[in-house]
Amino acid sequence: MESLSNKVILISGATSGIGRAAAKLFAERGAAVVLGSRRKERGEELVEEIRRGRGRAVFRVTDVTKHADNEALVDLASTTFGKLDVAFNNAGVEAIGSLLDLDDATYDRVFDTNVRGVFSAIRAQIPALERTRGSIIVTSSTAATRGFANAALYTASKHAVEGLMKSAAHELAPLGIRVNAVSPGPTSTDMLDRFTGGEPDIMARRVPLGRAATPEEVAQAAVWLATDAARFVSGIALPVNGGLTA
Ligand SMILES: NC(=O)c1ccc[n+]([C@@H]2O[C@H](COP(=O)([O-])OP(=O)(O)OC[C@H]3O[C@@H](n4cnc5c(N)ncnc54)[C@H](OP(=O)(O)O)[C@@H]3O)[C@@H](O)[C@H]2O)c1
């Protein structure tokens, strides 16, 4: 198995779910992880946990909707570990409701986080990643492949995330930067609980393999995309959904 001990990985949305699992997995594989999210206490607890396991981790309170925060997280990677090899732009929020219920404020919240957040983060990361010929991974969703009733804004935002990913893959290839997405189906996290009103089985039973993914299973796909084994892979959204989109 390829060691990641020479890699520095930035992860947003690291305080729970897929981002938290990715932080632990990348650190177990030897990478230094630079973590960002809004909840300070949770972030600091995670850093402690990773360090207890002899991993290398730092955390900074980060709101991905703010460009200065995205730049500061890249600076933290450079000042602490000397460089940035991989950025996993994973932070996201959901919104549930009919088209008549969803309003402008919800639009702003969802698009500011899911789309502006990824756009701003990528812009902040390009100079550092150009130096290492690194790579970018974003978290998309099955909701980027089809429509979903009562989730129009979330679905539209994830279509936009994949548009950004594919465009960045074209534009940044001459700089040696690969850009990909992981595309989870239902995954056992706080978000899935919120999406399903605390009944995740509603979505999990539609999955051909019969259950929701674990956050670790999605994180494994991000790890693969970050390794040199994926060095000729760019511009894809890798489904981790138990056959849902087959
Ligand atoms: N769970 C699923 O079924 C599923 C399926 C497909 C795709 N996804 C995607 O997977 C990604 C991770 O979601 P999850 O399921 O792990 O949900 P989660 O447990 O709710 O985690 C979301 C993470 O995003 C962070 N976050 C939210 N807004 C942020 C902001 N403005 N700035 C910085 N961090 C922010 C949260 O941390 P703070 O609150 O501390 O900021 C949290 O760490 C999201 O992009 C989501 O759309 C999830």
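If I ask for residues that are more than 8 Å from the ligand (Cβ to nearest atom), within 21 Å of residue 88 (Cβ to Cβ) and either in contact with a Lys or Arg (Cβ under 8 Å, 6 or more places away or on another chain) or among the polar types (S, T, N, Q) (or both), which ones from the stretch 180-205 would you list?
Correct list: 180 only.
Given the options 143, 169, 219, 152, name the one that is in contact with a Gly (Cβ under 9 Å, 6 or more places away or on another chain) and within 11 Å of the ligand (Cβ to nearest atom).
Exactly one residue qualifies, and that residue is 219.
I'd like to check something: does the stretch 208-223 contain any residue that is touching an Asp or Glu at 6+ places or on another chain (Cβ under 8 Å), closer than 22 Å to residue 117 by Cβ and hydrophobic (A, V, I, L, M, F, W, C)?
Taking every residue of the stretch 208-223 in turn, none turns out to be touching an Asp or Glu at 6+ places or on another chain (Cβ under 8 Å), closer than 22 Å to residue 117 by Cβ and hydrophobic (A, V, I, L, M, F, W, C).
I'm trying to understand the selection: among the residues of the stretch 88-128, which are part of a helix (DSSP H, G or I), of a type in the set (D, E, K, R) and touching a helix residue (DSSP H, G or I) at 6+ places or on another chain (Cβ under 8 Å)?
123
Taking the residues in the stretch 76-114 that are free of Cβ contacts under 8 Å to residues at least 12 places away in the same chain and not charged (D, E, K, R) as candidates, determine which candidate is farthest from the ligand (Cβ to nearest atom).
The extreme case among them is 100.
Provide a single number: the residues in the stretch 163-187 that are among the small types (Gly, Ala, Ser), surrounded by 14 or more Cβ atoms within 10 Å (Cβ to Cβ) and more than 15 Å from the chain's Cα centre (by Cα).
2
No lab work stands behind these numbers, since they all come straight from the coordinates. Fair warning: this is a prediction, and the values are worked out from it, not measured in the lab. Every residue, glycine as well, gets a Cβ built from its backbone with ideal geometry; the counts of neighbours run over all protein chains shown.
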